[in-house]
Amino acid sequence: MITIAVDAMGGDHAPVPEVHGAVRAARDQDVAVLLVGKENVLKAELSKYDGWRKLPIRIVHASEVVTMDDNPAKALRTKRDSSLRIASRLVRDGEADGLVSAGNTGAVMAISKTVLGMIPGVDRPALTNPFPTIKGKPAVLVDVGANVDSSARMLAQFALMGEVYSRLVFHTQSPRVGILSIGEEEHKGNDLTKAAAQLLKTMPLNFIGNVEGRDLYTGHADVIVCDGFIGNVALKVSEGLVEVIKHMLKESLEATIASKIGAVLSRQAFKDFRKRMDYSEYGGAPLLGVKGVVIICHGRSNDNAIRNAIRVATESASEHVNDRIENEIHRWQQENGPASV
């Protein structure tokens, strides 16, 4: 059975959604959960759920908490018994197959990179986020915030890691890989995108060239790469737009419904829309490039997001995503030299 360590103290509303999500995952997924945090607090929260002792859930005590206000570098140096650090050690030592945290994103990245180390051949870790598309299968955007500045070499690594992730987790055959730019034409973009495009052309990927912002949702590409600054802006704009559309759609439906039958149908359509656009259905953002499965969730994640993050972590561990990334990078460097990507 796959075992996932959950940083139960990191989120905005911890430990309530973390514990509830873990209980739901342990009940309906083939997974064991290690809840990491203050033991007395977690026991009190778990006591709300009948029969939890029969579930594959265990508490691992950690005396400290990394808060959202903590400086990541300082938290790395000083909070050595934090729930986040203990959970990372569990993955490093093989007691857990993956880590889920809704805590301080910078701290999760810093501690994961330090405790777990990097996959050989990967310069920097990258955050990956799935986007719903009109074709039904999600597109993944890499990077959405781990690296403010990136090189063409790093974008090439992001593309390779995203391609492996899309292929193994979303079961996409020959994922189409594109670079996020200001136009589809090859001559458009900045120095970074143009240099990365030339590098990607030489790689064993289904590279389709430049894609535009709208292609996050059209399904034209399965993997879209960019630096973390652009990716994070795209992610936050998308989140805000979804909230606005949901609010406007709800107002319009309430104002125009003319019959009980129409009301029922419209409410169902609205629920379906919300589910398709709900970030919690995707769980969280995988941190690709570190030597271990790490899923970073929204700080405001609810129990459904935590449950699905545990599912994504389980799938990533089961499919050996990190091993496949390491193999792909090693093979490419063997064929083209250590500085090739």
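A few comments on the model shown:
- Flag if Gly162 is modelled with pLDDT of 95 or more and touching a helix residue (DSSP H, G or I) at 6+ places or on another chain (Cβ under 8 Å): no
- Scanning the stretch 44-88 for residues being surrounded by fewer than 17 Cβ atoms within 10 Å (Cβ to Cβ) and in contact with a strand residue (DSSP E or B) (Cβ under 6 Å, 6 or more places away or on another chain) gives a total of 3.
- Enumeration of residues in the stretch 56-87 that are more than 19 Å from Leu116 (Cα to Cα), free of Cβ contacts under 8 Å to residues at least 40 places away in the same chain and part of a loop (DSSP other than H, G, I, E, B): Ser63, Thr67, Asp69, Asp70, Asn71
- Residues in the stretch 170-195 that are in contact (Cβ under 8 Å) with a residue 40 or more places away in the chain and among the β-branched types (Val, Ile, Thr) were compared, and the one that is farthest from Thr133 (Cα to Cα) is Ile179.
- Test: Val244 is more than 23 Å from Arg124 (Cβ to Cβ) and part of a helix (DSSP H, G or I): yes
- Residues in the stretch 302-341 that are outside any helix (DSSP H, G or I), modelled with pLDDT under 90 and not β-branched (Val, Ile, Thr): Gly337, Pro338, Ala339, Ser340.
- Failed criterion for Ile230 (all others in (1) within 21 Å of Lys137 (Cα to Cα); (2) at pLDDT 80 or above hold): (1)
- Listed here are the helices (runs of 4 or more DSSP H) enclosed by the stretch 125-229 that have at least 2 residues being surrounded by 24 or more Cβ atoms within 10 Å (Cβ to Cβ), among the small types (Gly, Ala, Ser) and under 16 Å from the mean Cα position of the chain (by Cα): 152-169.
- Test: residue in the stretch 33-44 that is within 21 Å of the chain's Cα centre (by Cα) and more than 22 Å from Asn308 (Cα to Cα): no
- Given (1) more than 22 Å from the chain's Cα centre (by Cα); (2) more than 17 Å from Val16 (Cα to Cα), index of the condition Ile86 fails: (1)
- Filter result (in a loop (DSSP other than H, G, I, E, B) and either basic (Lys, Arg) or crowded, with 24+ Cβ neighbours inside 10 Å (or both)) within the stretch 16-39: Lys38
- The listed residue being modelled with pLDDT of 95 or more and in a strand (DSSP E or B), out of Leu90, Leu99, Leu42: Leu99
The values are calculated or read from the model by the stated rules, or taken from the named source; none is laboratory data. This structure is a prediction, so every number in the text was calculated from the model and none was measured. Don't worry about glycine lacking a Cβ; one is built from the backbone with ideal geometry, like all the others, and counts go over all protein chains shown.
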